[in-house]
1. How big is the dipole moment of the stretch 1-62 about its Cα centre under a simple scheme where the beta carbon of each Lys and Arg is +1, that of each Asp and Glu is -1, and everything else is neutral? Debye, nearest 20, please.
2. Can you count the Lys pairs in the chain whose Cα atoms are under 24 Å apart, with each pair 8 or more apart or on different chains?
3. Counting helices only, and only those DSSP H runs with n ≥ 4, report the 222 nm mean residue ellipticity of the chain as the sum of -39,500 (n - 2.57) divided by its residues, in deg cm²/dmol to the nearest 500.
4. Using a 10 angstrom Cβ neighbour count of at most 15 plus a DSSP loop assignment to flag exposed chymotrypsin sites (Phe, Trp or Tyr not before Pro), which longest range of the chain is free of such sites?
5. Can you give the extra length, in nm with one decimal, that the chain gains between VAL83 and ARG42 once fully stretched, where that is 0.36 nm per residue apart less the Cα-Cα distance?
6. Going through the stretch 23-64, which trypsin sites (Lys or Arg not before Pro) have at most 14 other Cβ atoms within 10 Å and a DSSP loop state?
7. Cα gyration tensor of the chain, axes a ≥ b ≥ c as square roots of the eigenvalues: rounded (a/c below 1.5), prolate (a/b > b/c) or oblate?
8. Express the relative contact order of the chain as a whole percentage, based on alpha carbon pairs under 8 Å and six or more residues apart in sequence.
Amino acid sequence: MADTREAIVRASYQPMSIIIVGVGNADFTDMQILDGDDGVLRAPKGEPVLRDIVQFVPFREFKTASPAALAKCVLAEVPKQVVEYYSHKAFSPKCPMMDSPILPANTPE
């Protein structure tokens, strides 16, 4: 667990997110700690994560839910994580540049 916490702290400086889906009836206390929703995750030497990059979801809570409900929960924090990464780097995400306008289907040029 110590190595994992250290790796997550290091990864929090990178443009990445970590999504963990817990399958089964195991005790997922460690995964909830890695998620950091109950406090700031720290490396063993006390260094905090730069930003929250971990989302943990226990699958058992979605056994009877739709796949869309699971996907919504699993991906819920990703937009915030992207914004936090770009904010830390002090620049805004850019809108994609279009080489040419997109024409509707079956429209003559």
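1. On the way: 6 positive and 10 negative charges, 43 e Å.
Dipole size: approximately 200 debye.
2. Numbers: LYS63/LYS72; LYS72/LYS80; LYS80/LYS89; LYS80/LYS94.
So the count works out to 4.
3. Working: 4 runs with 36 residues, N = 109.
Here the helix-only value at 222 nm equals -9500 deg cm²/dmol.
4. Working: sites that count: TYR13, PHE91.
Here the longest segment lacking exposed loop sites spans 14-90.
5. On the way: separation 41, 0.36 × 41 = 14.76 nm, distance 2.12 nm.
Extra length from VAL83 to ARG42 when fully extended: 12.6 nm.
6. Working: sites: ARG42, LYS45, ARG51, ARG60, LYS63; in loops: LYS45, ARG51, LYS63.
Sites meeting the loop and neighbour criteria: LYS45, LYS63.
7. On the way: a/c = 3.81, a/b = 1.47, b/c = 2.60.
Oblate shape, in that a/c is at least 1.5 and b/c is the bigger or equal ratio.
8. Numbers: 107 pairs, mean separation 30.8, N = 109.
It rounds to 28 percent for the chain.
We did not get these values from a lab; they are worked out from the coordinates using the rules stated. It should be emphasised that the depicted structure is a prediction, and the values quoted were computed from it without experimental measurement. Ideal geometry is used to build each Cβ from the backbone, glycine not excepted, and the neighbour counts take in all protein chains shown.
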